[in-house]
Every structure is written in C-alpha cells, then in structure tokens.
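Undergrad: Sharing a structure below in structure tokens format, with a few things to ask.
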Amino acid sequence: QKEVEQNSGPLSVPEGAIASLNCTYSDRGSQSFFWYRQYSGKSPELIMSIYSNGDKEDGRFTAQLNKASQYVSLLIRDSQPSDSATYLCAAFNYQLIWGAGTKLIIKP
Amino acid sequence: DAGVTQSPTHLIKTRGQHVTLRCSPISGHKSVSWYQQVLGQGPQFIFQYYEKEERGRGNFPDRFSARQFPNYSSELNVNALLLGDSALYLCASSTLVTGGITEAFFGQGTRLTVV
C-alpha cells in the first residue's frame, strides 16, 4: 500500500516566523513530489514541485527532498496570516498519492 | 490562457440517481485525472486518462466510470449515488512526460451533495 503521511496538525506559527511542514512517503519508486495549498472549500493550488535531492527555493517557500530518508518538507519563511490553509503533500510514481494534509494556522 | 475548468461547481442529487461531472484540461495537456476529496481528507485517486485511454484506476466501485474525448475533455459518471459519495470532486490536468509528470493543475472542483 503506497502511502504519504503528514501530521494533521493544526500547526500554529506566529506571524513572521518560519513554518515547517513535513511529509514521508512509502514508495521508493516515487520520482516527483509536490506541495499544494488548499483553502477551506477550495481546490488545491500548486505551490512547489521537487524532483531531486536537496533544496528548491521559490520566494518565501523552500522545498526539501531526501530520497534516502523518504522525506519531503516545505518551509515557509516570514509566515503571513494568508498562509493559513491546509498543505497537501503528494508523491508521484505513475499516479499521485496524497497525504491527508497539515492544517497550518498563522497567528497575527 | 484558460486553466482547468469543471462543471457544474455545485450539485445536489438524491440517493439512487446518477451524475455526470465534466472537465476541460489546460490547452495542450493530454492527461486528465479525477479525485474524490471527502472533508478533512486528502484527495483520493479515481481515474487517470491519457490520450483517451484509461491509464489508472483507484479503489472505487464500478458505479464510477469515466471517459476522455478527442479534445481531451473528460466526464466522470457516478451511478446509483450513495450518501457517502458526497464530496468535492477534483479534476487535474497534466502533461505526461517520460519518467514523471509535470505539475498537476486542478480545476475548482465540483461539490456534490447526495441527500
């Protein structure tokens, strides 16, 4: 059974701090990894994709991948209240396998 | 440049009825996937179509079926609706490349309520 696991949260972070979201996956054949943000009642919105070990930065967001540990993370710097949402991690190996999401709350 | 469009956005059906959901992918994208998202859970994979052929099927009963048309748009059909089919149904559009996929982009979803 291919799985992607995330802590459901909620994760509460003060405004301006760094939010750290984590994800583990079970399928070693997974090749691509994605972070999506989902606001309540809305569809998921792609934030970051990462394919290679290491870090990938895009603005305030940094995705980190460690294939040996089967671990993916997303760092959000200078957290804003508008970052409050559920963050979904997905791993791809012929199909996307999703985690259940981590609810992030940014406190002003 | 139009994104993924889904219709309808909201739908209320009674148990036992059938429903058809529609999706138009991003121009140039040949792959469409369908997901069911129940409140509080991550999306669950239902189907993937590429070039009008089914490329993957999730663990859903035969009441669920789908197809992809020559213009790459897609329909998801659900027969004999149950209360448990109430969910957000998401369509994702992507371009399939060797060794992986490009990012999947979602439509706004169809909120199905079965009463």
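The values are calculated or read from the model by the stated rules, or taken from the named source; none is laboratory data. These numbers come from a predicted model, not from an experiment. A quick note on method: Cβ atoms are made from the backbone with ideal geometry, for glycine too, and the neighbour counts reach across all protein chains shown.
Undergrad: Between a residue in the range A:53-64 that is closer than 18 Å to A:ASP83 by Cβ and any residue that is in a loop (DSSP other than H, G, I, E, B), which pairs come within a Cβ distance under 7 Å, given they are 6 or more apart or on different chains?
TA: Pairs found: A:ARG60/A:ARG77; A:ARG60/A:ASP78.
Undergrad: Conditions first: (1) touching a residue at least 12 places away in the same chain (Cβ under 8 Å); (2) part of a loop (DSSP other than H, G, I, E, B); (3) within 14 Å of chain B (Cβ to nearest Cβ); (4) buried (at least 20 other Cβ atoms within 10 Å of the Cβ). A:GLY9 passes all but one, so which condition is the exception?
TA: All conditions are met except number (4).
Undergrad: Among (1) farther than 18 Å from A:LYS107 by Cα; (2) in contact (Cβ under 8 Å) with a residue 60 or more places away in the chain, which single condition is A:GLN80 missing?
TA: So the condition that A:GLN80 fails would be (1).
Undergrad: From the list B:LEU39, B:LEU76, B:LEU90, B:LEU21, which residue is within 14 Å of the chain's Cα centre (by Cα) and under 19 Å from A:GLN38 (Cα atoms)?
TA: Only one candidate passes the filter, namely B:LEU90.
Undergrad: Quick check on my filter: what residues within the range B:71-95 are loosely packed, with under 15 Cβ neighbours inside 10 Å and under 12 Å from B:HIS29 (Cα atoms)?
TA: B:ASN71
Undergrad: A further question follows. Taking the range B:19-50, which residues are of a type in the set (Ser, Thr, Tyr) and either closer than 24 Å to A:THR86 by Cα or at pLDDT 95 or above (or both)?
TA: B:THR20, B:SER24, B:SER33, B:TYR35
Undergrad: Restricting the search to the range B:23-58, which residues are in contact (Cβ under 8 Å) with a residue 12 or more places away in the chain and among the polar types (S, T, N, Q)?
TA: Of everything in the range B:23-58, those that are in contact (Cβ under 8 Å) with a residue 12 or more places away in the chain and among the polar types (S, T, N, Q) turn out to be B:SER24, B:SER27, B:SER31, B:SER33, B:GLN36, B:GLN37, B:GLN44, B:GLN48.
Undergrad: Condition first: surrounded by 15 or more Cβ atoms within 10 Å (Cβ to Cβ) and farther than 25 Å from A:TYR36 by Cα. Now tell me which residues in the range B:42-65 satisfy that.
TA: Correct list: B:PHE64, B:SER65.
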